[in-house]
Amino acid sequence: MPHPTERFSHAVEYARAAHHGQVRKGTTIPYLSHLLGVASLVMEHGGTEDQAIAGLLHDLLEDCGEAHEPVIRERFGDVVAGIVRDCTDGSAESKGAATTPEAKRRDWQQRKEAYLQQLAEESEAALLVGACDKLHNARAIVADLENPAIGVAVFDRFTAGRDGTLWYYGRIAEVLQQRASPVARAFGAVVARMEQLANGG
């Protein structure tokens with residue numbers, strides 16, 4: 001892609017302010033690090049500025065609420081807003097409705113199954129951003145699995161635990177392979193490593 005313009009800088013600031021105080025699961029790492037990482041992967045895999053901006057904003061609806069969608073559309077355009085919507089498997093409001101562990105697990109399963117179906121059919125633009133998001137997350141899980149101080153306990157952070165998390169990432173790898181995503185090879189390798197470490201390898 002061409003060098004980022006001021007639109008990208010404005011998106012960084014918007015993401016920073018909206019996610020202020022949020023951290024990565026089980027860590028003290030500012031959530032912004034993930035958003036910057038996704039945008040970086042989008043650029044590395046040939047994405048446009050709209051896709052890179054969507055990478056910065058992809059978790060806004062899910063983590064900060066539906067009220068951000070019209071703002072994203074107004075400030076960054078319909079293409080960015082559409083990609084962000086496609087990358088969202090549930091809003092902050094809808095996820096908050098499940099309060100018990102059982103309800104949260106059911107909600108998680110339903111959302112992930114719906115997202116996998118969407119991933120198989122969505123636009124190439126949204127597919128790249130979603131794939132880069134999942135690649136960044138998968139790499140973080142593998143890094144924790146390789147850390148003796150964390151290891152398989154990393155799965156305790158996730159609603160679906162070890163088995164559900166491995167199922168989800170394995171299915172994403174299949175979809176990316178089927179769609180010949182430019183991220184498929186790297187993602188498949190990371191998921192294979194995740195499975196190996198999760199099984200004591």
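Determine whether the range 34-47 contains at least one residue that is open to solvent by 40 Å² or more (accessible area, probe 1.4 Å), hydroxyl-bearing (Ser, Thr, Tyr) and without any contact (Cβ under 8 Å) to a residue 40 or more places away in the chain.
yes
Can VAL152 be described as open to solvent by 10 Å² or more (accessible area, probe 1.4 Å) and farther than 21 Å from THR88 by Cβ?
Here the answer is yes, as VAL152 does meet what is asked.
Considering only the range 136-147, I want to know if a residue exists there that is open to solvent by less than 10 Å² (accessible area, probe 1.4 Å) and under 17 Å from ASP59 (Cβ atoms).
Taking every residue of the range 136-147 in turn, at least one turns out to be open to solvent by less than 10 Å² (accessible area, probe 1.4 Å) and under 17 Å from ASP59 (Cβ atoms).
Out of the range 27-52, which residues are in a helix (DSSP H, G or I) and within 15 Å of ALA17 (Cα to Cα)?
LEU32, SER33, HIS34, LEU35, LEU36
Return only the number of the condition from (1) in contact with an Asp or Glu (Cβ under 7 Å, 6 or more places away or on another chain); (2) closer than 16 Å to VAL129 by Cβ that GLN22 does not satisfy.
So the condition that GLN22 fails would be (2).
Within the bounds of the range 6-15, is there any residue that is surrounded by fewer than 14 Cβ atoms within 10 Å (Cβ to Cβ), within 18 Å of ALA81 (Cβ to Cβ) and more than 14 Å from the chain's Cα centre (by Cα)?
yes
Does GLY130 qualify as being over 27 Å from ASP50 (Cβ atoms), in a helix (DSSP H, G or I), open to solvent by less than 20 Å² (accessible area, probe 1.4 Å) and of a type in the set (Gly, Ala, Ser)?
Taking the combined requirement at face value, the residue does not satisfy it.
Which residues, counting only those in the range 182-199, are outside any helix (DSSP H, G or I), in contact (Cβ under 8 Å) with a residue 12 or more places away in the chain and more than 16 Å from the chain's Cα centre (by Cα)?
Within the range 182-199, PRO182 is the sole residue that qualifies.
Show the residue pairs that are 6+ apart or on different chains and have beta-carbon atoms under 7 Å apart, the first residue being within the range 3-25 and more than 17 Å from HIS136 (Cβ to Cβ) and modelled with pLDDT under 95, the second being surrounded by 15 or more Cβ atoms within 10 Å (Cβ to Cβ) and not polar (S, T, N, Q).
PRO4/GLU49; PRO4/ALA52; THR5/GLU49
Restricted to the range 104-113, and to residues that are touching a residue at least 24 places away in the same chain (Cβ under 8 Å) and open to solvent by 60 Å² or more (accessible area, probe 1.4 Å), which residue is nearest to ALA180 (Cα to Cα)?
ARG105
Can you tell me which residues in the range 155-172 are in a helix (DSSP H, G or I), surrounded by fewer than 21 Cβ atoms within 10 Å (Cβ to Cβ) and hydrophobic (A, V, I, L, M, F, W, C)?
Within the range 155-172, PHE155, LEU166, TRP167 meet the criteria.
Report the residue count in the range 55-82 for those that are out of contact with any Gly (no Cβ under 9 Å at 6 or more places or on another chain), small (Gly, Ala, Ser) and part of a helix (DSSP H, G or I).
Count: 2.
The values are calculated or read from the model by the stated rules, or taken from the named source; none is laboratory data. Since we're looking at a predicted model, the values are computed, not measured. Reconstructed Cβ throughout: ideal geometry from the backbone, glycine too, with neighbour counts over all protein chains shown. With ligands, DNA and RNA removed, areas are computed over all heavy atoms of the protein, side chains included. Shrake-Rupley method; radii C 1.70, N 1.55, O 1.52, S 1.80 Å.
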